[in-house]
Amino acid sequence: MASSNATLRAFLHGLPGVDRVGADQRAAMLGTRSIKTTAKAKAIDLAVSMVDLTTLEGADTPGKVRALCTKAMHPGAGAPRVAAVCVYPDLVHVAAEALKGSGVKVASVATAFPSGRSSLEVKVADTALAVAAGADEVDMVIDRGAFLAGDYLKVFEEIVAVKAACGAAHLKVILETGELATYDNVRRASWLAMLAGADFIKTSTGKVQPAATLPVTLVMLEAVRDYRDETGIQVGVKPAGGIRTTKDAIKMLVLVNETVGDDWLTPDWFRLGASTLLNDLLMQREKLTTGRYAGPDYFTLD
Amino acid sequence: MSRLSVRKTYKLFIGGAFPRSESGRSYVVTSPKGDFLANAARASRKDVRDAVSAARKAFPGWSGATPYNRGQILYRIAEMLEGRRAQFAEEVGGGKKPALEAVDAAVDRLVWYAGWADKIASVYGTPNPVAGPYLNLSTPEPTGVVGVVAPADPLLGLISVVAPVIVTGNTCVVVAAERAPLPAITLGEVLATSDLPGGVVNILTGHQAELAPWLASHMDVNGLDLTGVTDPELALACEQAAAENLKRVLRPVTPDWSAEPGIERMTRFLETKTVWHPAGI
C-alpha cells in the first residue's frame, strides 16, 4: 500500500467521508451527558491518571521542569499520579532524573516541534537526542505542508524513519488537526499515521487553535476503532490543547466510552495533553472531598 | 388595535450577562400584600460558583483601574439610576412618595461613595514615622472577591452594601434580598450600561439560606458581608465557614440606611500594604 504516493492516495481517498454535521452533532450530544457524584469522582481520578502534564514554553527552566515532575508524582492528597510529563528534548534529562522509579513516563516532543519545518535528518537527530536523554515517549509532528500538498508518501516515510529512531520508546504522532481543515483530512491523517506505525495519534501541538475539539477527537477515535477491526492492532489517542476544565475532560472520557469502549479507558491507550487542566481536576476533587468550592490560591501555578 | 404587553423575565446578572439559573429553577415574588409580581430566577450553588469565577476574572482589571476611573464609573451608575427613577420607584413599592425618596437616597449614596474613590487612600493610608533612614508608606489595597448578602431594603440597602465594596477595587457576588429581588435585577441592567466591566458586580436572586453558606465556604472568596443575614444561626454558620480561609467578615448590627454611612464598610474590605523606601540623600 505504501509502495508509492499513488497507492497511498488511492487508499486514503478511498476511506469513507466524514459527515461533518453528524460528527459535530454526535459530539455535542455526548457532551451533554451528566456525570455526577461517585461517577464524577471516579472520572476525575481517571482523568488525572491520564494527564500528560505538559510544559512547552521557550521560558522553561530545569527548575520549572523539576517542580512539574514533583507535581506529576504527587498531584494531591489521595490523587493518582499523572501518566507522563511532556517537555522539550533538551530538558528530558532533567525530567528523567526527577521521575526515576516513580512510574510516571517522560514524554518529549521532537521533529522540529511545533511546525515540523526541517529536514528529515534534523528530525531524526532531534528524536534520537530525546530518546538518548531518557524519553519513554516521543511526540512527533507530521509535515502538514506535505500532507496538504498530497505528498502522503513523504509524511509516511518520515513517520517510519522517526519510529525507527525511537527504538523502544513509544511514538505519538501529532496530526495538528487545526491545520488540516477538514474532518476527511483528519481521518486520512489518522490512518496514514497508524499505517506508518504510530503507537498513539495525537490531535494537536497546543500551539494552533482550534486544538482538541470533541468532534475531531471523535473522528480519531473512530479511526483507531476501525483500524483495530481491520488489523488487530490497537492504537492510542491523545487529545491535547484547549482541554482546560474538568467538564472538558469528562466529555472526552464519555466520548471514549461511547466510541471505542473500555479497552481505551486507561492511561495506556488514552491520554489528555494539558497543563492547566490538572489544577481544575484537583480543585474539583477537593470540592468533592471537602464539600466546599476550592480556590486557585491553594494550588501550585505550574 | 390592542397589543399584548411584553413582560420582563427577571434573570441573574453574572459576568455582565443575564443568564437564567443553571438549575432552571424560579420562585414567585409577591408584593408585601401578597399579590403576584414576577417569577425570579432561583440561583443554585453552581450559579454561585460561576459568579465567583466571573468576579475573580474581573478583579485584576477593576482593581488595577485608577481610583479616579472607578469614581467616574460609580458616578455614571448614579446617572443611569437617576434616569430610571420612575421604574425603580415602582419596583421598590410601598407608596409613590417614599419610594421616590428611597431612589433619590440611593442615587445620592452612590455619588457619596463615588467621591471616596480617589480619597480613601489619603484618609486610610499613612506615611509612617519609622526609626531609620526610610520613607515608610502604608496604602490600602482591595482584598479581592467579596460575597455580599444584601439586606431587605431593596434599593437603598443594596446600593449601600455594594458601592463601598466596589469603589475601592474589590469585585463582588451579591445575593439579593430574597423577598424583594426585582430592584436588584433592574440594577443589573443599570450596571451593564454604566461602563462597569462585566463581572465586577454579579447579582444572584434566590434563597439566602441556600446560597450564603456556599459563598461563605468558597475558598476563592476573600471577604464576606453578612448584612442581610437576619437568622443568627445562619450568620454563625457562615462566619465559621468563612474562617477556613480567613475571609474578612462584616456582620453589623441592624444598620440605619438613612444615616451617614461612614467609611467602615469600605475599610473592612481593604488590606494594608506597607512599603519601605530608602530615603534619598
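Some notes on this structure:
- Taking the DSSP beta bridges with both ends in the protein assembly as shown, the antiparallel portion is around 30 percent.
- Overall, the accessible surface of the protein assembly as shown at a probe of 1.4 angstrom is composed of carbon and sulfur to the extent of 55 percent.
- Two-decimal Rg to Rh for chain A - Kirkwood Rh, Cα set: 0.96
- The Cα-based radius of gyration of region A:85-128, divided by its Kirkwood radius, gives an Rg/Rh of 1.06.
- Entries of A:K42/A:K154; A:K123/A:K251; A:K100/A:K172; A:K42/B:K11 with Cα pairs more than 32 Å apart: A:K42/A:K154; A:K123/A:K251; A:K42/B:K11
- Shape metrics for region B:195-245, restricted to C-alpha atoms - Rg then Dmax, Å: 11.9, 39
- Ranked from largest, the principal axis spans of the Cα set of region B:204-274 equal 35, 31, 22 Å.
- The amide H of A:S108, built 1.01 Å from its N in the peptide plane, has A:V87, A:E137, A:V138, A:D139 as neighbours under 5 Å, considering only residues 5 or more places off or on other chains.
- Charge dipole of the protein assembly as shown (Cα centre as origin; +1 on each Lys and Arg Cβ, -1 on each Asp and Glu Cβ, all else neutral): 740 debye, rounded to the nearest 20.
- Cα long-axis angle, helix A:37-50 against chain A (0 to 90 degrees, to the nearest 10): 60
- With a cut-off of 12 Å between beta carbons, the residues surrounding A:R228 carry a summed charge of -4, where Lys and Arg count +1 and Asp and Glu -1.
- Zero-based 5 Å bins, Cα pair distances in region A:161-250, whole percents: 3, 15, 26, 23, 18, 11, 4, 0
- For B:R248, nonlocal amide neighbours, meaning residues 5 or more places apart or on other chains whose placed amide H falls under 5 Å from its own, are B:G223, B:L224.
- Largest-first ordering by accessible area, 1.4 Å probe, given options A:F156, A:F200: A:F156, A:F200
- Neighbour net charge for A:A196 - beta-carbon separation under 9 angstrom, K R +1, D E -1: -1
- Accessible surface of A:F299 - all protein chains present, 1.4 Å probe, nearest 10 Å²: 40
- Computed P(r) (all Cα pairs; region A:146-302; 5 Å bins; percent): 2, 9, 17, 19, 19, 13, 9, 5, 3, 2, 0, 0
- Note on region A:78-148 and region A:156-219: Cα centroid distance 14 Å, given to the nearest whole angstrom.
- Region B:6-80: trypsin sites (Lys or Arg not before Pro) falling in loop per DSSP and having at most 12 other Cβ within 10 Å: B:R7, B:K8, B:K33
- Cα-based helix-to-principal-axis angle, B:182-192 vs chain B, degrees rounded to 10: 50
- Of all lysines in the structure, those lying under 27 Å Cα to Cα from B:K247, and not within fewer than 8 positions of it along the same chain, are A:K287, B:K46, B:K57, B:K119, B:K273.
- With all protein chains modelled, accessible area of B:I120 [1.4 Å, Å²]: 10
- Distant alpha-carbon pairs in region B:1-152 (separation over 29 angstrom), percent: 39
- Each residue was assigned an accessible area with a 1.4 Å probe, and for A:V21 the value is about 110 Å².
- Three principal axis lengths of region A:75-159 [C-alpha, angstrom, descending]: 50, 24, 16
- Projecting the Cα atoms of B:P261, B:G61, B:L224 onto the charge dipole of chain B, computed from C-beta unit charges around the Cα centre, puts B:G61 farthest toward the positive end.
- Accessible surface ranking that places the most exposed of B:E239, A:E230, A:E158 first, with a 1.4 angstrom probe: A:E230, B:E239, A:E158
- Rounded tilt (10° steps) of B:45-64 against the dominant C-alpha axis of chain B: 40
- Region A:1-63 and region B:213-281: distance between their alpha carbon centers, rounded to Å: 46
- Neighbouring Cβ atoms from other chains, within 10 Å of the Cβ of residues in B:215-223, number 4 on average.
- Taking only Cα atoms of the protein assembly as shown, radius of gyration then Dmax in Å: 29.1, 90
- Of A:E258, B:E178, the residue with the largest accessible area leads and the full order is A:E258, B:E178 (1.4 Å probe).
- Here is how the number arises for chain B: DSSP H runs of 4 or more residues each give -39500 (n - 2.57), the sum is divided by the residue count, and the result at 222 nm is -13000 deg cm²/dmol.
- Taking amide hydrogens as placed 1.01 Å from N in the peptide plane, the amide H of B:E271 sits under 5 Å from those of B:E141, B:T143, each at least 5 positions away in sequence or on another chain.
- Calculated log₁₀ intensity ratio I(q)/I(0) where the Debye formula runs over C-alpha points of chain B, q = 0.10, 0.16 Å⁻¹: -0.51, -1.24
- Excluding ligands, DNA and RNA and using a 1.4 Å probe, chains A and B jointly bury around 1100 Å² of accessible surface, summed across both partners.
- Note on A:S119/A:T290: beta-carbon distance plugged into 1/(1 + (r/R0)^6) with R0 of 60 Å gives a FRET efficiency of 0.65.
- In order along region A:27-32, phi translates into HN-Hα couplings of 4, 5, 5, 5, x, 8 Hz, rounded to whole numbers, per the Karplus curve 6.51 cos²θ - 1.76 cosθ + 1.60 with θ = phi - 60° and x for Gly and Pro.
The values are calculated or read from the model by the stated rules, or taken from the named source; none is laboratory data. This structure is a prediction, so every number in the text was calculated from the model and none was measured. Note that each Cβ is placed from the backbone with ideal geometry, even for glycine, and that neighbours are counted across all protein chains shown. For accessibility, only protein heavy atoms count, side chains too; no ligands or nucleic acids. Shrake-Rupley method; radii C 1.70, N 1.55, O 1.52, S 1.80 Å.
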